[in-house]
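Values in this text are rule-based calculations from the coordinates and carry no lab data. What you see is a predicted model, and the numbers here were worked out from it, not measured in a lab. Using ideal geometry, Cβ is built from the backbone for each residue, glycine included, and neighbour counts are taken over all protein chains shown.
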Amino acid sequence: MATTDAAAHDGIRAEASQGTVVNFGFWLYLMSDVIIFSMLFVAFVNLSTNYAQGPTGQELFELPLVFIETMALLISSLTYGLVMICLRQGNTKWVQGWLLITFLLGVGFVGLELYEFLHLAFEGYGPQRSAFLSSFFTLVGTHGTHVTFGLIWILVMVGQVAYKGLTPAVASRLTRLSLFWHFLDIVWIAVFSTVYLGGMYR
Amino acid sequence: MLGRLSLQAIPYDNVIIMSAVALMAITGAVVVGATTYYGQWGYLYREWLTSVDHTKIGIMYIILAFVFLLRGFVDAAMMRAQQATAGPGQSGYLSSEHFAELFTGHGTMMILFVAMPLIIGMINLAVPPQIGARDVAFPFLNSVSLWLTYAGGMLIMVSMALGQFGTAGWTGYTPFSEQAFTPSTGVDYWIWAIQISGIGTTLTGVNFLVTILRERAPGMTLMRMPIFTWSALITMVLVVLAFPALTVALGMLSLDRFFDFHFFTGDMGGNQMMYINMFWIWGHPEVYIVILPAFGVFSEVTATFCNKRLFGYKTMVYALAVIAFMSFGVWVHHFFTMGQDALRNSIFAIATMIIGIPTGVKIYNWMATMFRARIEFKQPMLWTLGFILLFTIGGMTGVMLAIPGIDYKAHNSEFLVAHFHNVLIPGTIFGMFAGYTYWFPKAFGFRLDEKWGRHAFWGWSIGFTVAFMPLYVLGAMGMPRRMASYSNPEWTPLLWVAALGAVIVMYGIVCQIIQLISSIRNRHRLADLTGDPWGGRTLEWAMSSPPAEYNFPVIPRVHGIDAFMDMKENGTAYQRPAEYGDIHMPQNTAAGLILGIAAFVFGFGLIWYIWWLAILAGLVMMGAVIWRSCTDDVEFTIPADEVKHIEDERFRKIALASQQTDVIDSESRGRVNIDGEPLSPG
Ligand code: HEM
Ligand SMILES: [Cu+2]
C-alpha cells in the first residue's frame, strides 16, 4: 500500500471500510426497494375493494396454505441466521448445509405461491379478472420474484463457497444476502397481514 | 418469430421521417466508417466503452445529452413551424398524430435524455475530485448506469425508424396510454426507454450517496463540502426516493398493456387517477432533481468568478435541503383541476408557494456574493447572470400557477408551457452550460473559445425570450397546449414570433458547435497547463487537467470550506510529497457494456412482442451480473514509479505555465482573505 502519511491513512481507511461501504450501498438499494413495495402496497389498498363483480379476497384465499408458506419463509430466515453463525465459526461444510436448507425452504415457499397463482388462474380468477386481483398478483408476485432471485443468489453462493472457500469477499457477499433474505421476510409479514389477514376480515 | 415486427413497421410513406432516418443512418455510417478507417475500434473499446473511470463516464453522459439536445431541438423547431403554419384555413405540414409524437418525444428526451445525463455527467466529472476521492464508491455500477441510460436512448432512436414513438405526452396519462386507445408500439417505446434508463438512474443515486457520504478526504466534514457536492447529495436523495415510484407506475402500466391487467384502465375496477398520482410522486421531485444541481453549479461559478467566498454557505445548504424535502409534498398541484375539494387544493397551493422562499434565499445569496466583487465575465458567469435574470420571471409565473383559481384557467395552456420552459431552460440548461464551460478544461485540458461562447449565450438568451414570452400571452388568450392546428387567427402572429425565437436559439446552438470545433483546433493556445484555469476554490482544481486516472497522487487533507483556496493561500497547493506510493484502481470491464446492450435488446423484444428475444436478453443480463459477482480481482496497481513519472510531467507543465503571465495573474488572485479582499494589490 501507500507509503506517505496521508496515502497510508487512505489505504488503511480503504481496506477497513471497503466491506462496510458495499454494505451501506446495498442497504440504500434496499431502501429504494422499500419504496417500490410501498407503492405496490398503496396500489393494493387503493384497489382492494375494486372487485368488478368478481370474487373477494374472503372467497379466494386459503389461509392454511398461506400459513404453511409463511412458516417456510420464517424458518428459512432462521436457517439463514445459522449460515451466518457457521460463517463466523469458519465451518465451511455447515455454511453450505444451511444454505441448501434455506434454499429448499425458499423453493417450498415459491412452489406454494405458484400453486396458489395457477390455481386461481385456472378457476378464472387471474389478474385480468379485476383491479383487485391485478394488484394482488402484482404485489405478491413481486415479492415472489424477489425470493426467486434470492434463490438464484443462494445457489451462486453455494458454488462460490465450494470453489473459493470462506474468503473475505465471499463472507461479505453472504452478509449482504443475509440482509436481503431477512428483508424479504419482513416484507412478507407486511404482505401476509395486509393482503391475506386484511382480505379475510374485511 | 418476430412478434409484431414486420417490414410494414417502417414508415416508408412519411417523407419527413424517412429523411430523418436517412440522416441518422448517414451519421452513423460516417462515425463507424471513420472509426474503422483510422483503426480506432480497439482504442474506443479499451479506453472508453469498457472504462469505469468517472471522468470518462461523465464525458460519455454529456455526449449523449448533447446528441439528444440536438434531436429534442429539431423536434421543437418542427413543432414551432407547424403551429406557425397551421392557423385557420391552413393545415400545416404535419399530421396531428405526428405532432403528438413530436411533443411526446421532445418532452421525454429533454427531461430524461438531456437534463438527466447532463446532470449526472457533471456530477461524475466534478463530485469525486471535489471531495478528494479517487473514484466513485462503485465504479463498475457507474458504468452499468451509463450503459442502461444509453440503452434507453437507443430505443428512442430506433423508434424513429421502426414503428412509432408515444403519442400520449411525456406524462403518458392513462387511460389514453392504455392498450385500448394506443395499441401501436408508441407507448411501449416510451415506457421501456424511460424504464431502463430510470433504473440506471436509481443505481446512480445509490452510488453517489455512498460516494459522498463515505469517500470524502480526511478533514472534509459535511459542512465543508463544496456546494455543488451538496446539491449532488441532495439530488441523489431525491433520485433514490423518487425513481422507484416511476419504476412502479411504468411497471403497472406495462402490465396493463401487455397482460391485460386493470390498474389504470377505465373498466374492471381500474383507477386512472392512481396513475396520475403515482406519476407526479416521481414527476414533481424530478423537476427539482433537474434544477438543484444547476443551483450547485451557479454557486461554484459565482464564488469563483467573483473571487470571493460564497455568501451564506450554510443558508445555501439549508435552502437546498428544504426545497428537496418540500418537493415531495406538493405534487397535487399538477391536478388542481381534477376534482378534489377546495381545502385540499388550498393546502397544496400554500405548500407549493412556500417553496419559493428558499429559492429566493438562494438568489439573494448569489447577489450578495456578487455585491462589490470584481466579477470576471467569463462564459460560466455569463450563463449564471442570464439565469438569475430570466429564472426570476419563471419563478414568479410558477407562484401564479400555484394559485388554484389561476390554474383553473391556465393549466394545460401555453401559459404553462411558457412557465416550465422558463424554469427549465434558464435553470437546468443554462446551469449545465455554465458547468460545461467551467469544467471543460478540467476534463480535456484546454478551455473553450470565449468569443463563440458569448455568441452562443446571446443566441440562447435572446432566442429563449423571443420564443417563450409570446406563449404567456397566448396562454392568457386561451390557447391550449399540444395543438396541432387551431382556428383562432389572433394566435398566428405570436406563434410566428415564437418560431423566430426558435431560429435564434438555433443560432446559439450552431455557435456552440463552432465553438467546440474551433476550440479543438486551437487547443494548444487554449491549453490549461496548471489544472487551475479560473483560479478555482475547490479540490478538483488541485488535480492536473485532464486528471490522471487516480485524480490525486496523495489524498489531500481538508481544513475548511474552499479547500484548494486555503492551500493556495498558505502555499501548500503545489507542494510535492516526499515520495509516492502504489495506487490501486478499478480495472476496466466489458460487463457494463454487455448489460447495456442486453437491456436494449430486452426492451426491443418486449416492444415488438418478440418474447424469445426478450427472454434471451434477460438471461444474458443475469449471466453478466452473476459472472461479475463471482469476480474477486477487480483492481490493478499503478506502481509508485509510474505515479512519479506522471506527476513529474504535471509539474513540468506547471513550470512551463508559470512563464506565462496569466498564471501569475491567477496565482495572485489566490491570495485573498476571508472577505474576498486581495491581500496584495494587483
Ligand atoms: C430549445 C428550445 C425549446 C423549444 C423551442 C421548445 C419548444 C416546445 C414546444 C413547441 C412544445 C410543445 C408545446 C405545446 O404543447 O403546445 C414543448 C413542449 C415541452 N418541452 Fe420544450 N422546447 C425547448 C426546450 C426544452 C427543454 C430544454 C426542455 C427540458 C429540459 C423542454 C421540455 C419540454 C416538455 C416537458 C414539454 C411538454 C411535452 C408534452 O406536452 O408532453 N423543452 N417545447
Ligand atoms: Cu410540480
What do you get for Rg/Rh over chain B if you use C-alpha atoms and the Kirkwood form of Rh? 0.96
Quick one: if you stick a label point 7 Å off each Cα along the C-beta vector at B:Met622 and B:Thr392, how many nm between them? 5.9 nm
If you find the alpha carbon centre of region B:83-116 and of region A:143-173, how far apart are they in angstrom? 49 Å
So, over other residues within a Cβ distance under 12 Å of A:Leu65, counting Lys, Arg +1 and Asp, Glu -1, the net charge is -4
Per-residue average of other protein chain Cβ atoms inside 10 Å, peptide A:130-143 -> 4
Could you tell me which chymotrypsin sites (Phe, Trp or Tyr not before Pro) in region B:17-62 are loop residues by DSSP with no more than 12 other beta carbons within 10 angstrom of their beta carbon? B:Tyr38
So, in nm, how far is label A:Val107 from label B:Ala373 when the simple model puts each one 7 Å beyond its Cα toward the Cβ? 6.6 nm
Going by the alpha-carbon gyration tensor, a ≥ b ≥ c the square roots of its eigenvalues, is region B:350-418 rounded (a/c under 1.5) or, if a/c is not under 1.5, prolate (a/b greater than b/c) versus oblate? oblate
The answer for the net charge of residues other than A:Ala121 whose Cβ lies under 14 angstrom from its Cβ, with Lys and Arg +1 and Asp and Glu -1, is -3
Give, as ranges by residue number, the residues of region B:141-162 whose backbone N falls under 16 Å from the point 7 Å along Cα→Cβ of B:Ala22. B:161
Shape of region B:361-517, Cα gyration tensor, a/c cut at 1.5: oblate
Cβ-derived FRET efficiency at R0 60 Å, B:Ile354 paired with A:Leu63, nearest 0.05: 0.80
All Cα pairs of the protein assembly as shown, percent lying beyond 56 Å: 12 percent
Residue order, fewest to most beta carbons within 10 Å, for B:Lys308, B:Lys362: B:Lys362, B:Lys308
In whole Å, what is the distance between the alpha-carbon centres of region B:369-430 and region A:35-114? 50 Å
Shielding of B:257-263 by partners, i.e. mean partner chain Cβ atoms within 10 Å per residue? 6
In this structure, among B:Lys314/B:Lys568; A:Lys93/A:Lys164; B:Lys314/B:Lys378; B:Lys308/B:Lys378; B:Lys362/B:Lys568; B:Lys378/B:Lys451, pairs with alpha-carbon gaps over 18 Å are B:Lys314/B:Lys568; B:Lys314/B:Lys378; B:Lys362/B:Lys568
Mean per-residue count of partner chain Cβ within 10 Å for B:212-220 equals 3
For A:Val191, what charge total do you get from the other residues with a beta carbon under 13 Å from its beta carbon, if Lys and Arg give +1 and Asp and Glu give -1? -4
Tilt of helix B:611-629 relative to the longest C-alpha principal axis of chain B, in degrees (0 to 90, nearest 10)? 20 degrees
Within chain B, longest stretch clear of exposed GluC sites (Glu not before Pro) (DSSP loop, no more than 14 other Cβ within 10 Å): B:1-375
Counting each DSSP H run of 4 or more residues in chain B as -39500 (n - 2.57), what helix-only mean residue ellipticity at 222 nm follows after dividing by all residues, to the nearest 500 deg cm²/dmol? -21500 deg cm²/dmol
What is the angle, in °, between the Cα long axis of helix B:356-370 and the longest principal axis of the Cα atoms in chain B? Nearest 10 is fine, range 0 to 90. 30 degrees
Along Cα→Cβ, 7 Å out, is where each label goes; now give me the distance between the ones at B:Arg525 and A:Ala121 in nm to one decimal. 6.9 nm
Note: A:Thr148 to A:Trp94 extended length (0.36 nm per residue) minus current alpha-carbon separation gives 17.2 nm
Under 15 Å from the 7 Å Cα→Cβ point of B:Asp13, by amide nitrogen: which residues of region B:85-121? B:95-98
With the Cα gyration tensor of region B:521-660 giving a ≥ b ≥ c as the square roots of its eigenvalues, does the rule (a/c under 1.5 for rounded; else a/b larger than b/c for prolate; else oblate) give rounded, prolate or oblate? prolate
Applying a 10 Å radius around every beta-carbon, put B:580-587, B:428-435, B:652-659 in order of their mean neighbour count, most first. B:428-435, B:580-587, B:652-659
Relative to the longest principal Cα axis of chain A, at what angle does helix A:168-191 sit, 0 to 90 degrees, rounded to 10? 20 degrees
Loop only by DSSP, 16 or fewer other Cβ within 10 Å of the Cβ. Give me the trypsin sites (Lys or Arg not before Pro) in region B:469-571 that pass, ordered by residue number. B:Arg482, B:Arg523, B:Arg525, B:Arg557
